[in-house]
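Student: Submitted below is the structure of interest, expressed as structure tokens.
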Amino acid sequence: MKLIGAFFRLIRWPNLFFITVTQVLFYSCILVPSASGGNSMLQWNMPLKLDPAYFILLVISSVCIAAAGYIINDYFDLNIDQVNKPDSIVIQRIIKRRWAIIWHLVLSFIGVGLAFYLSWQLKNPVIGFANFGCVLMLWLYSTSFKKQLLIGNVLISILTAWVILVIYFAELSVSRFGEPLYRDTIKSVFKFTIIYSSFAFIISLIREVVKDIEDREGDARYGCRTMPIVWGVPATKMFVMVWLFVLGTALLIIQLYGLLKGWWIGSLYCIGLVILPLVHILLKLKAANTTDQFHQLSSKIKWVMLAGILSMVFFKWYL
């Protein structure tokens with residue numbers, strides 16, 4: 001039982017659940033309503049390439065690749081974690097390093113195998129090669145990129161955005177652009193894909209940099225060149241505050257548009273549970289100095305990310 005619990009901690013099951021929720025919400029609250037005409041006067045029920053069975057396989061592929069990424073990251077971070085978070089170490093203490101590598105390879109194989117199967121079924125090579133690229137990038141991130149200035153942060157943010165982008169690309173069919181109904185539907189989905197993937201990218205970048213500030217002691221000891229080590233904490237905090245301001249401003253503009261469209265509940269939800277917490281985080285970040293304070297900020301950013309993703313629920317009725 002202890003081994004099973006350790007395995008689930010190793011693969012970060014709450015994060016995998018978050019990935020699943022994100023993809024399920026985007027599929028059921030944005031893609032499906034867009035394809036069925038939503039609440040418009042004309043209900044058209046356009047058939048999706050990405051039917052529920054294929055979508056489930058896509059989610060499993062995403063979860064397996066992410067789980068494999070968490071394993072390989074902990075595998076190569078063992079020394080750093082002994083400094084930054086010694087109480088949460090699983091590899092070597094409970095799960096042997098050899099088994100960690102085996103599980104990484106098994107989960108990666110399943111994730112990539114399912115992705116190429118979907119590429120074959122959907123006649124879309126992007127999914128297979130892109131998910132294979134995700135596995136490769138996660139390996140390179142764990143071995144070298146995370147120790148370099150900003151590269152690792154940007155890479156993880158791109159992979160976070162890909163959780164949403166992959167659904168759009170799985171449904172995308174260039175050959176169907178000649179169909180007016182399909183073209184209008186995919187354009188509508190594209191707008192929401194850009195909004196939510198951009199949100200995921202920026203808030204993930206913010207959180208990754210805050211985590212770097214939190215982990216700077218262990219990172220510095222093992223030769224990492226993360227932003228707080230190279231630029232210093234004050235400059236890094238300014239970098240994060242700029243992005244918090246950019247994200248908050250962009251979201252406020254979007255909510256004003258939503259209010260003009262009559263989307264009162266959704267807009268007020270985002271203002272209260274996403275934008276105002278971002279303002280709170282910005283003010284707290286300015287005064288933060290200790291590792292515990294940065295850890296608390298990282299946790300708060302994660303909750304804001306969840307609140308932002310949950311806002312997709314409202315489009316089940318708006319579209």
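Yes/no matrix, rows are residues, columns are (1) crowded, with 18+ Cβ neighbours inside 10 Å; (2) small (Gly, Ala, Ser); (3) within 23 Å of Leu31 (Cβ to Cβ):
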| position | (1), (2), (3) |
| --- | --- |
| Leu260 | no, no, no |
| His280 | no, no, no |
| Lys286 | no, no, no |
| Asn289 | no, no, no |
| Leu297 | yes, no, no |
| Ala307 | no, yes, yes |
| Ser311 | yes, yes, yes |
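Student: If you check Ile91, Ile19, which single one turns out to be over 21 Å from Val126 (Cα atoms) and hydrophobic (A, V, I, L, M, F, W, C)?
Tutor: Working: Ile19 fails: over 21 Å from Val126 (Cα atoms).
Sole residue among the options that is over 21 Å from Val126 (Cα atoms) and hydrophobic (A, V, I, L, M, F, W, C): Ile91.
Student: Follow-up. Give the residues of region 44-76 that are of a type in the set (D, E, K, R) and either in contact with a Gly (Cβ under 9 Å, 6 or more places away or on another chain) or assigned to a helix (DSSP H, G or I) (or both), sorted by residue number.
Tutor: Of the residues in region 44-76, the ones of a type in the set (D, E, K, R) are 49, 51, 74.
Asp74, the sole residue that qualifies.
Student: If I filter region 286-294 for residues that are in contact with a Phe, Trp or Tyr (Cβ under 9 Å, 6 or more places away or on another chain) and hydrophobic (A, V, I, L, M, F, W, C), do I get at least one hit? Steps first, please.
Tutor: Initial filter on region 286-294 (in contact with a Phe, Trp or Tyr (Cβ under 9 Å, 6 or more places away or on another chain)): 288.
Narrowing further to those that are hydrophobic (A, V, I, L, M, F, W, C): 288.
Yes, there is a match, as at least one residue in region 286-294 is in contact with a Phe, Trp or Tyr (Cβ under 9 Å, 6 or more places away or on another chain) and hydrophobic (A, V, I, L, M, F, W, C).
Student: So which residues in region 252-277 are closer than 20 Å to Lys316 by Cβ and within 20 Å of the chain's Cα centre (by Cα)?
Tutor: Once the filter is applied, which keeps residues that are closer than 20 Å to Lys316 by Cβ and within 20 Å of the chain's Cα centre (by Cα), region 252-277 yields Cys270, Leu273, Val274.
Student: What number of residues within region 142-162 are over 17 Å from Tyr70 (Cβ atoms), in a helix (DSSP H, G or I) and in contact with a Gly (Cβ under 9 Å, 6 or more places away or on another chain)?
Tutor: 1
Student: Then there is this: Taking Ile194 as meeting all but one of (1) assigned to a helix (DSSP H, G or I); (2) more than 15 Å from the chain's Cα centre (by Cα); (3) surrounded by fewer than 17 Cβ atoms within 10 Å (Cβ to Cβ), write down the number of the exception.
Tutor: Evaluating Ile194 over (1) assigned to a helix (DSSP H, G or I); (2) more than 15 Å from the chain's Cα centre (by Cα); (3) surrounded by fewer than 17 Cβ atoms within 10 Å (Cβ to Cβ) leaves (2) as the failure.
Student: Is it the case that region 122-134 has a residue that's at pLDDT 95 or above and under 30 Å from Ala220 (Cβ atoms)? Explain how you work it out, then say what you get.
Tutor: Narrowing region 122-134 to residues at pLDDT 95 or above: 127-134.
Of the ones still in play, those that are also under 30 Å from Ala220 (Cβ atoms) are 134.
Yes, the conditions are met somewhere in region 122-134.
Student: Sticking with this structure for a sec: Among the residues of region 164-174, is any at positive phi and either assigned to a loop (DSSP other than H, G, I, E, B) or at pLDDT below 90 (or both)?
Tutor: Checked against the condition, which is being at positive phi and either assigned to a loop (DSSP other than H, G, I, E, B) or at pLDDT below 90 (or both), region 164-174 yields no hits at all.
Student: Among Val230, Val209, which is within 21 Å of Ser144 (Cα to Cα), exposed (fewer than 15 other Cβ atoms within 10 Å of the Cβ) and not small (Gly, Ala, Ser)?
Tutor: Working: Val209 fails: exposed (fewer than 15 other Cβ atoms within 10 Å of the Cβ).
Exactly one of Val230, Val209 is within 21 Å of Ser144 (Cα to Cα), exposed (fewer than 15 other Cβ atoms within 10 Å of the Cβ) and not small (Gly, Ala, Ser), namely Val230.
Student: To continue, here is another question. Of the residues that make up region 156-173, is at least one farther than 28 Å from Asp212 by Cβ and among the acidic types (Asp, Glu)?
Tutor: Pass one, region 156-173, residues farther than 28 Å from Asp212 by Cβ: 167-173.
Then keep just the ones that are among the acidic types (Asp, Glu); that gives 171.
Checking region 156-173: at least one residue is farther than 28 Å from Asp212 by Cβ and among the acidic types (Asp, Glu).
The values are calculated or read from the model by the stated rules, or taken from the named source; none is laboratory data. A quick note: this is a predicted structure, and the numbers were derived from the prediction, not measured. Backbone-built Cβ (ideal geometry, glycine too); neighbour counts: all protein chains shown.
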